[in-house]
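Trainee: Would you mind keeping the following structure in view while I ask a few things?
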Amino acid sequence: MTELVYPYIAGRGRAGMAIARALALLPLVRPSVSFAPVTWVPRGARLADVIREPKNSMLFLANPPGLHARMLLEADVLGVHGLVTEKPSCVRSDEVNALEGVSRDVAVLHVYRQTWGVQTLKALLTSGELGEVVGIEGRYWQASTAVRALLAENASVPQAVAWKDDPELSGPGDAILDVGTHWLDAVAFLAGQLPTFLRTRRSYVNAPHPHRDSHCHVELAFPSGVHAFGSISKTFHGADNLFELVVIGSKASARWEFLRPDEIILGQGISTRRVVRSSLHQGSRQAAYHGLGWLEGYVEILGNYVESLSASAEHPNAAMGCYPSLKENLPLMRSLFRALEAESRSGARSEN
């Protein structure tokens, strides 16, 4: 893309700052991309009052997810050229229906999927090196809810009011919608299909607000016969950002975790061996163990997306997958919302 792109970011938290940093880094690894300085969208502002040149602009949503659907629809009507949203793309089933009418391509920042580790797992699975896939399992554990619960025991430490305590802004959940959607996206990507079955069972132990689940088990089944199981938590004491995926095959197994992002452990029989990243064509283009951590996925998705906006752009990473899109994300979100609604109807809520 040769024209100057005008980026607008809604949300100045960690996600918004990650997007800003990725935009600053992107021209270093993709010289064809050129950005004007970032404009921050004021909270509550009408996009039409902020974005003056929609045809040369990109909007990045890093604000509370309860606002994503409305702003994507508003930007689509306004004619904003590029649209990128943090996960989750929406927080309710009726928003899925509305977003299906968005006419523009939208990138969803499921950044784990675009990392070397998940892309390499996909390549191993597709090549048949692992044999027949028995299952995909894993976990995404954090400790934020556990930490908050411990602080709450100390009356001298005031607890700040968080936007996640408002279900209108956060949706009907916490762990499952915030970190769980990352894990679900990665599993569906590896399976190459949408699940025919998705079931959740949530716990609210240590929850700071009644609607904010703190721990969840997820089960999925796919048309190919592959089954998946995941453990999602924000109340796992001692966890940092433990995101893990394991592919179990008839010939071999493969395991990757974000805390060791540039290596995969392959197992055969009782033996294991490490596969270490050697390719330099993704993310920051840095050698193994010299990457950008969180920002690798941001840089890769934004780079692929910006280049895809130009019909004449080359796609050197096409075989590695372009970017997670809203069109493929919405059916998965619909399945998740159905599972959450079924869990609520069944009274399967776990308090301990």
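Trainee: Could you please let me know if VAL205 is in contact (Cβ under 8 Å) with a residue 24 or more places away in the chain, open to solvent by less than 40 Å² (accessible area, probe 1.4 Å) and not in a helix (DSSP H, G or I)?
Mentor: no
Trainee: I've got another one for you. Filter the range 108-147 down to the residues that are farther than 22 Å from ARG274 by Cβ, open to solvent by 30 Å² or more (accessible area, probe 1.4 Å) and assigned to a helix (DSSP H, G or I) and list them by number.
Mentor: SER144, VAL147
Trainee: Let me ask you something else. Which one of these is of a type in the set (Ser, Thr, Tyr) and open to solvent by less than 10 Å² (accessible area, probe 1.4 Å): SER103, SER93, SER89?
Mentor: Just one listed residue meets the conditions, SER89.
Trainee: Does VAL84 satisfy the condition of being under 23 Å from VAL5 (Cβ atoms) and open to solvent by 60 Å² or more (accessible area, probe 1.4 Å)?
Mentor: no
Trainee: Report, by residue number, each residue of the range 215-264 that is polar (S, T, N, Q), open to solvent by 20 Å² or more (accessible area, probe 1.4 Å) and within 16 Å of ARG201 (Cβ to Cβ).
Mentor: Hit for the range 215-264 is THR235, nothing else.
Trainee: Can you tell me which residues in the range 182-195 are under 14 Å from SER231 (Cα atoms), surrounded by 24 or more Cβ atoms within 10 Å (Cβ to Cβ) and not small (Gly, Ala, Ser)?
Mentor: Residues satisfying the conditions are TRP183, LEU184, VAL187.
Trainee: Restricting to the range 34-72, give me the number of residues that are open to solvent by less than 60 Å² (accessible area, probe 1.4 Å), touching a residue at least 12 places away in the same chain (Cβ under 8 Å) and either charged (D, E, K, R) or not in a strand (DSSP E or B) (or both).
Mentor: 19
Trainee: Does the range 200-245 hold any residues that are modelled with pLDDT of 95 or more, more than 20 Å from ALA339 (Cβ to Cβ) and of a type in the set (D, E, K, R), and which are they?
Mentor: Scanning the range 200-245 gives a single hit, GLU244.
Trainee: What tally of residues in the range 240-284 results from selecting those that are in contact with an Asp or Glu (Cβ under 9 Å, 6 or more places away or on another chain), small (Gly, Ala, Ser) and within 15 Å of GLY138 (Cα to Cα)?
Mentor: Looking only at that region, the number is 2.
Trainee: Under 6 Å between Cβ atoms, at least 6 apart or on separate chains: pull out the pairs that start in the range 1-25 with a residue that is in a loop (DSSP other than H, G, I, E, B) and end on any residue that is modelled with pLDDT of 95 or more and buried (at least 20 other Cβ atoms within 10 Å of the Cβ).
Mentor: Close Cβ pairs satisfying both conditions: GLY11/ALA62; GLY11/ASN63.
Trainee: For the range 229-242, indicate whether the set of residues that are among the hydrophobic types (A, V, I, L, M, F, W, C) and part of a loop (DSSP other than H, G, I, E, B) is non-empty.
Mentor: Looking for residues that are among the hydrophobic types (A, V, I, L, M, F, W, C) and part of a loop (DSSP other than H, G, I, E, B), one finds at least one in the range 229-242, hence yes.
Trainee: Restricting to the range 1-23, name every residue that is loosely packed, with under 14 Cβ neighbours inside 10 Å and either under 18 Å from VAL306 (Cβ atoms) or β-branched (Val, Ile, Thr) (or both).
Mentor: THR2, GLU3, LEU4 - these are the residues of the range 1-23 that are loosely packed, with under 14 Cβ neighbours inside 10 Å and either under 18 Å from VAL306 (Cβ atoms) or β-branched (Val, Ile, Thr) (or both).
The values are calculated or read from the model by the stated rules, or taken from the named source; none is laboratory data. Keep in mind it's a predicted model, so treat the numbers as computed, not measured. A quick note on method: Cβ atoms are made from the backbone with ideal geometry, for glycine too, and the neighbour counts reach across all protein chains shown. Just so you know, the surface numbers come from the protein's heavy atoms only, side chains and all, with ligands and any DNA or RNA stripped out. Shrake-Rupley method; radii C 1.70, N 1.55, O 1.52, S 1.80 Å.
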